[in-house]
Amino acid sequence: MSSILAGAAQVEDPLPEKGRLGPWLAAWHDPVAGLTCNGGCMQFMDLSRNGDYKIVVACRAMSLKVYQGTSIFAEHPLLDEPSGLCAFYGVEDNTNTAGGERPAVAVAAGPYIFIYKNLRPYFKFTAPLVEPSDEELEIWTRYRKGEVDADTLKALLAKATEDGVRLGPLSTDFLAPDLEDRGSFLSARGASEPLSRTTIITCLATMNRAREEEGSPVCLLAGTEDGQIVFLDPPCKVLTTAQLPRGAVPAFLAVGGLFDSDWRLAVACRNGRIYTVKDGDVAKTAVVTGTVISLEATPCGLARLPRQVYAATTDNNLHAYHLKGRRDFSLKMPALVVQLEAMETRSTTCLLVALADGNVRLYDAEKNLLHTLKTQEPIAALRFGPYAREDGALAVVSVTGKLTIFMLNRKADLRKPKTFGAATAGYPPEQDIPLKVPKKTKLYVEQTQRAKLQAGEIHRAFQKDLCLLRLTAARAYVKTITDGRQGVSAVGAAASLRLHAQCQGLGPNFKIKLELQNQGDRALTNLPVAFTYDRDIYAMEKGQFMVSALIPGVSSRHEIAITNIDEGGAAGSVRILVLSPSGPSPLVSAVVNMPLSELIDS
Amino acid sequence: MHAAGRDSHHLRGGPPVHRPEAIEGVVLRERRNWRIFSAFARQEYPECLQIIEEQLRACNGLAEYAIHVKGQIVRAQGQIQESLVLFQAATCLNPQNPSNLKEVGRCLFLLGKHKAALDVYGEAQQIDSEDWEVWHSRGLCYMHLKQFERALEAFDQANSISRHDSTFLHMGKVYRLQDKPAEALTVYEEALEFSPESPELLTTVGLLHLQQGENQKAFECLGNALTHDPRNPKAILAAGSIIQDNQDMDVALVKYRVSAVQCKYIAAVACLKRALYLDPFEWIVAYNLGLVHLSTSQYASAFHHFSAAINLKPDFAASYMYLAITLARLEDFDNACSAYDKALELDGGGGDYLTHLNYAVTLLNNDEPERAAEHYASFKKIFEALDPDTERDQEVLARSQALANSLGASS
């Protein structure tokens, strides 16, 4: 604990406030650790076997970093980007010292597993080569014996692809559509290159051999890009392999049990399924069981508690399954799950859920949310285990590479829910926060007051104004439909009309002479002409007629008889409207002021 | 370094410095697949795309998995057509991989080409017939093609392989599209047995009960949903409306608050005027604004909002009744009467008892006790014929009593 206490003084601002930490104690924070790794590449290991645990991190920047207490203990370059990291006990060790065997460090990178003993490169294991399928082998054998030529070879390989045969790199390169010179390709590689291919290790885990205790011999499990799970015995002897169904590429492994007795391994694959591999009937063999869990989305985390397998998916769900594959429950998470980690303490087993929003949720096995730890940044990796001389420590790496270590309070009782004030049930805090209602201005308040006091007057004034407005509008409308344009009218854009009207006679019989001229450049047809007049004073045989056609430039003359029927011979006016055959308003109108009429002698 | 076996080597001496490409002299096509997956599962799309591009460059675009994931990312970003092309390219590289075919089908489905999607899913089933996802997707296609029977068949198949909430939800939806709420409810209940705590399922069942008018059952389901996900906006809104119906405004408001924070409805809930600005042709906003103004005795404004509401929705009787009350307060007795008449006409039958009561009050206030008595009698008749179980509003009773007294006094 000494080294940790020394570090505790360095606690800096970015740590969460005290009191919100629940069962955790802030121990150490290194904002410039610069770690780039995912959860599979960080482990707590007792490298010196003296009970002083260290953190081993395989960084994406191809270095292996070891932290002891609050400082870097060692740093080594790696050969490739690491995909997994494990403590590996049971590697024979001639330099064995008192206190038990020191663990080796296994780092998976590309097709290899590198074993480091005492932080020195010790052994390299290459993933077993994948043998070509019989079909592919036969095709190439026939070619190499000279039985088929290059074109037939291509056709046969293409057909094999269609039939679902998985081809090796040689065949794939040969079939590449943009390969230009197949002849030279074949002479360079075709004759000699082996058909078997290397595969990549995608994930790494360990399983204890005969005893549960930390430090007892383990076997190493490696998932490969070809859907194999390879079981390795130290230093790197293949014990057995299990082949997953086609298309399943392991992404996460969750181990339970002992290899020498009975065990069960959950393998979450990229295709959204979780397969179960268990010990076979024959000792030291592995069989893929028929238990397949289909997830609704891509898996992004897998963890195993004694009785359940937990899987997180990219649709922010956390599912719990019984070991036999039956779903127990699902929980909706507020953000993307970055990693799941089983947290075994002396008293109980819990589940840590690291979320992309920087929170770490702590669930017990009964799916009660015990506590939410708020870290300041999105989480990249998280691991729970013994650190320094403390039994329970939580190491959190943020996406920006900061390393934070929390200690589990020794007095914290994780068996009782609600100890740490986590809101498992009840209403959310938003309920008590009033909404921001927009402020009312003084003007608004005054206007409101006026509106309250003088509602009646305002309403009546409004109604009066509304009536006036309607009246004005109606008047304007009537004016538009009666007037048209005086004298000359624009008919559309291309035509215009001129109307000239004249009255002849002394009365009581008059004659109105009309002259209509189309001044546009488009002929007009079927124009109604209408007369409006005071029917008490005048009479007409017919008040309207049709002008069948008006050719541009030619004027058309019309004479219409009108009789004054007023006894006193009063004069009035006659309005002549030339209407549009399509629109409601007149094209043109004219007013003829009639002269006084001679009185009829009879 | 010397070979110590067929495929293992002992490392001696200092750490080697050469890059892995140099180790075997072979670029491994799938070397970075695990990184692509890791970045994809964490939704770090820019980084993931960068790795994919590097990988595609290194092997002349012949990396099936890289193309597959690129397709998924491009689709997640909304470019469905582009992702379809990518998935088709991945299918060309490995025609027997059902996951490529499934994604091609998914793209076609999203593009609305349901028939083409069905063909592709059929192909995928020839490779692997025991995939629930394919059956589920087929069900979705049939649902959109309105071939409901076949959709239900497909969903049943999916469930017989592996049960999932989403399959149940869609089955229920198919039944509801066919207007068979009872069957839908059966499906949902089965689903609830399978996952009794899914807030989504509980909310759906609650809403279905609500539609059926079974408020008690609906409230139970919604309450359950809220226990498991206290921030589910859909459940909150539904539960809130039930609470509001039960006259428990404060609780309803508090619940709405939670969903308002979620849905950014603050502006709308806090200020109906803002809502009116956002959607000027929504009659209910105008109607509610009218009610607010009526209760704050800003009658002139209330009149405007009610008349706007009526113009937008001329067949809602309550608008006319409130317009009439407003007009009465504005001392426009004649128009108030015609508004009451219109409200009664729209209500059909005897009209709403509230309208009659209000009409009677207005008439009495304007010295027409005979007509007031007439409407008061109608009110009495309807009010007493009401279901005895429904709770009587105390205010209505008080008003009715006061009216009876003054009618008795004046006649």
Notebook entry, point to check: Just to be sure, is A:Leu78 touching a strand residue (DSSP E or B) at 6+ places or on another chain (Cβ under 8 Å) and either open to solvent by 40 Å² or more (accessible area, probe 1.4 Å) or facing chain B (nearest Cβ under 10 Å) (or both)?
Noted result: yes
Inspect segment A:515-525 for any residue being open to solvent by less than 30 Å² (accessible area, probe 1.4 Å), of a type in the set (Gly, Ala, Ser) and within 15 Å of A:Ala590 (Cα to Cα) and give the result as yes or no. no
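This table checks each residue for (1) at pLDDT 85 or above; (2) outside any helix (DSSP H, G or I); (3) more than 36 Å from the chain's Cα centre (by Cα).
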position	(1), (2), (3)
B:His293	no, no, no
B:Phe306	yes, no, no
B:Asn311	yes, no, no
B:Glu331	no, yes, yes
B:Ser338	yes, no, yes
B:Val361	yes, no, yes
B:Asp389	no, yes, no
B:Arg392	no, yes, no
### Message
Please verify whether B:Val120 is among the β-branched types (Val, Ile, Thr), in contact (Cβ under 8 Å) with a residue 24 or more places away in the chain and over 25 Å from A:Pro334 (Cα atoms), treating the condition exactly as stated.
### Response
no
Considering segment B:320-351, residues that are of a type in the set (S, T, N, Q) and in contact with a helix residue (DSSP H, G or I) (Cβ under 6 Å, 6 or more places away or on another chain), and then whichever is surrounded by the fewest Cβ atoms within 10 Å (Cβ to Cβ), we arrive at B:Asn335
How many residues of segment A:287-296 are in a loop (DSSP other than H, G, I, E, B) and open to solvent by less than 20 Å² (accessible area, probe 1.4 Å)? The answer is 1
Among the residues of segment A:505-539, the number that are of a type in the set (Val, Ile, Thr), in contact with a Pro (Cβ under 8 Å, 6 or more places away or on another chain) and under 15 Å from A:Arg575 (Cα atoms) is 0
When restricted to A:Ala451, A:Ala393, A:Ala422, the only residue surrounded by 14 or more Cβ atoms within 10 Å (Cβ to Cβ) and modelled with pLDDT of 80 or more is A:Ala393
Counting only residues that are surrounded by fewer than 21 Cβ atoms within 10 Å (Cβ to Cβ), facing another protein chain (nearest Cβ under 9 Å) and part of a loop (DSSP other than H, G, I, E, B), segment A:113-134 contains a total of 2
Of (1) within 12 Å of chain B (Cβ to nearest Cβ); (2) modelled with pLDDT under 85, A:Glu101 satisfies every one except (1)
Scanning segment A:178-200 residue by residue, those within 9 Å of chain B (Cβ to nearest Cβ) and not polar (S, T, N, Q) turn out to be A:Asp178, A:Leu179, A:Arg197, A:Ile200
Subset of segment A:543-571, residues part of a loop (DSSP other than H, G, I, E, B), farther than 12 Å from A:Gly507 by Cβ and touching an Asp or Glu at 6+ places or on another chain (Cβ under 7 Å), comes to A:Pro552
| request: Might you check whether a residue that is surrounded by 13 or more Cβ atoms within 10 Å (Cβ to Cβ), in a loop (DSSP other than H, G, I, E, B) and among the charged types (D, E, K, R) occurs anywhere in segment A:575-588? | output: no
When segment B:101-138 is checked residue by residue, the ones that are touching a Phe, Trp or Tyr at 6+ places or on another chain (Cβ under 6 Å) and within 14 Å of another protein chain (Cβ to nearest Cβ) are B:Glu103, B:Val134, B:Ser137
Counting only residues that are farther than 28 Å from B:Glu44 by Cα, open to solvent by less than 30 Å² (accessible area, probe 1.4 Å) and among the aliphatic types (A, V, I, L, M), segment A:306-348 contains a total of 0
How many residues of segment A:326-340 are more than 7 Å from chain B (Cβ to nearest Cβ) and in a loop (DSSP other than H, G, I, E, B)? The answer is 4
| query | Does any residue of segment B:209-223 turn out to be free of Cβ contacts under 8 Å to residues at least 12 places away in the same chain and either under 28 Å from B:Leu101 (Cβ atoms) or open to solvent by less than 30 Å² (accessible area, probe 1.4 Å) (or both)? | reply | no
Pairs returned, first residue in segment B:144-170 that is of a type in the set (Phe, Trp, Tyr), second residue that is part of a helix (DSSP H, G or I) and surrounded by fewer than 18 Cβ atoms within 10 Å (Cβ to Cβ), beta-carbon separation under 8 angstrom, 6 or more apart or interchain, are B:Phe148/B:Leu177; B:Phe168/B:Glu190; B:Phe168/B:Phe194
Within segment A:205-225, identify whether any single residue is over 19 Å from A:Phe88 (Cβ atoms) and of a type outside the set (A, V, I, L, M, F, W, C), and answer yes or no.
-> yes
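The values are calculated or read from the model by the stated rules, or taken from the named source; none is laboratory data. Everything quoted here is computed from the prediction, not taken from an experiment. Backbone-built Cβ (ideal geometry, glycine too); neighbour counts: all protein chains shown. Protein only, heavy atoms only, side chains kept; ligands, DNA and RNA dropped before computing areas. Shrake-Rupley method; radii C 1.70, N 1.55, O 1.52, S 1.80 Å.
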